[in-house]
1. Please name all residue pairs, on different chains or six or more residues apart, with Cβ atoms under 7 Å, provided the first residue is in segment 15-34 and is β-branched (Val, Ile, Thr) and the second residue is modelled with pLDDT of 90 or more.
2. Need the failing condition index for residue 213 against (1) touching a residue at least 40 places away in the same chain (Cβ under 8 Å); (2) surrounded by fewer than 22 Cβ atoms within 10 Å (Cβ to Cβ); (3) in contact with a Leu (Cβ under 9 Å, 6 or more places away or on another chain), just the number.
3. Determine if segment 262-272 includes at least one residue that is of a type in the set (Gly, Ala, Ser) and surrounded by fewer than 17 Cβ atoms within 10 Å (Cβ to Cβ).
4. Take the residues of segment 301-316 that are more than 10 Å from residue 192 (Cα to Cα) and surrounded by 15 or more Cβ atoms within 10 Å (Cβ to Cβ): which is nearest to the chain's Cα centre (by Cα)?
5. Looking at 61, 32, 9, can you tell me which residue is charged (D, E, K, R), under 34 Å from the mean Cα position of the chain (by Cα) and on the phi < 0 side of the Ramachandran plot?
6. Being modelled with pLDDT of 80 or more and buried (at least 16 other Cβ atoms within 10 Å of the Cβ) is the filter here; which residues of segment 282-300 pass it?
Amino acid sequence: MRNFDSLTEQEILALAISAEEEDERTYADYAERLRQSFPASAAVFDGMRAEETSHRTRLIEQYRRRFGDHIPLIRRDDVKGFVRRRPAWLVEPLGVDVVRKQAAAMEIESRRFYERAAERTSDPRVRQLLDDLAQEERSHEHRAEALEAEKLGPAAAREEQEAQRRLFVLQVVQPGLAGLMDGSVSTLAPVFAAAFATQRSRDAFLVGMAASLGAGISMGFAEALSDDGSLTGRGHPWVRGVVCGLMTTIGGLGHTIPFLVPDFRVATAVAVFVVALELAAITWIRHRYMDTPTLSAALQVGVGGALVFATGALLGNS
């Protein structure tokens with residue numbers, strides 16, 4: 001990699017051209033990836049892409065005036081001091097707010113680059129252009145705000161917030177809730193069957209750990225292999241699998257950890273209390289994110305949990 005101070009004026013202009021082209025394509029990627037779910041924000045990035053196109057065109061004109069038609073390929077990655085940027089396909093899954101923050105950071109870096117580049121050029125017209133671009137990059141934050149005010153009005157903002165909520169439900173809440181329900185309910189029978197059968201906290205704890213970890217691995221792989229998310233919009237399959245697997249394990253460990261208490265009766269009482277908390281949490285999540293009426297969610301979750309708990313208790317006492 002080269003130090004910035006070692007670049008010639010020709011190389012600085014070539015670097016500026018490639019940097020503007022990269023920013024232009026990045027904004028275009030952001031716009032395309034957001035267009036389906038966040039059309040208003042996509043329109044904002046379309047406007048920012050057009051700005052970068054104008055910058056690149058002006059830089060190419062100055063380069064040709066000074067150095068001819070051949071523009072050497074010099075990229076940010078070839079020069080020390082630039083921040084490594086995350087590709088659009090890595091940023092977009094994190095949400096539209098993260099994309100906007102990334103775009104703001106890009107503009108700040110571009111402004112600093114043009115300010116330093118202007119100091120190292122001798123041609124008055126090139127220096128003037130670089131100074132102008134630095135000033136425009138400084139004002140891009142206000143330009144982005146103006147574009148958001150124009151394209152992202154109150155109605156569009158509400159629509160995008162609702163779209164973001166739907167994506168969060170599809171990609172995080174649903175697999176997490178499925179895992180939590182499975183881990184909390186399905187492990188009740190083996191844990192309490194072992195507890196009542198042996199009357200020993202240690203045995204119940206070992207059975208609970210095995211059931212929780214095994215269920216977490218099983219549910220994680222099942223969710224990850226269910227679909228790739230390309231048609232359903234449910235996001236990356238392995239992200240869903242990790243969320244589902246972790247929540248399944250957590251759901252089982254909740255009423256397993258109390259059996260670390262040596263006193264069997266105390267451990268069982270605490271475990272039963274934790275089960276009630278787990279079922280209440282599942283009920284709240286279903287009501288909050290799945291729009292299930294509270295009473296209906298409580299009955300469904302409570303009846304299912306009670307049946308599984310009764311099964312474990314009957315088997316343990318048989």
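The values are calculated or read from the model by the stated rules, or taken from the named source; none is laboratory data. No experiment lies behind these values; they were computed from the predicted model shown. Using ideal geometry, Cβ is built from the backbone for each residue, glycine included, and neighbour counts are taken over all protein chains shown.
1. That search, which allows pairs on different chains as well, returns 17/56; 17/59; 17/60; 17/63; 17/71.
2. The single condition residue 213 does not satisfy is (1).
3. Yes, that holds for at least one residue.
4. The extreme case among them is 301.
5. Just one listed residue meets the conditions, 32.
6. 282, 283, 285, 286, 287, 298
One line per residue, one yes/no per condition, for (1) at pLDDT 75 or above; (2) surrounded by fewer than 18 Cβ atoms within 10 Å (Cβ to Cβ); (3) in a helix (DSSP H, G or I); (4) more than 36 Å from the chain's Cα centre (by Cα):
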position: 69; (1), (2), (3), (4): yes, yes, no, yes
position: 97; (1), (2), (3), (4): no, yes, yes, no
position: 110; (1), (2), (3), (4): yes, no, yes, no
position: 131; (1), (2), (3), (4): yes, yes, yes, yes
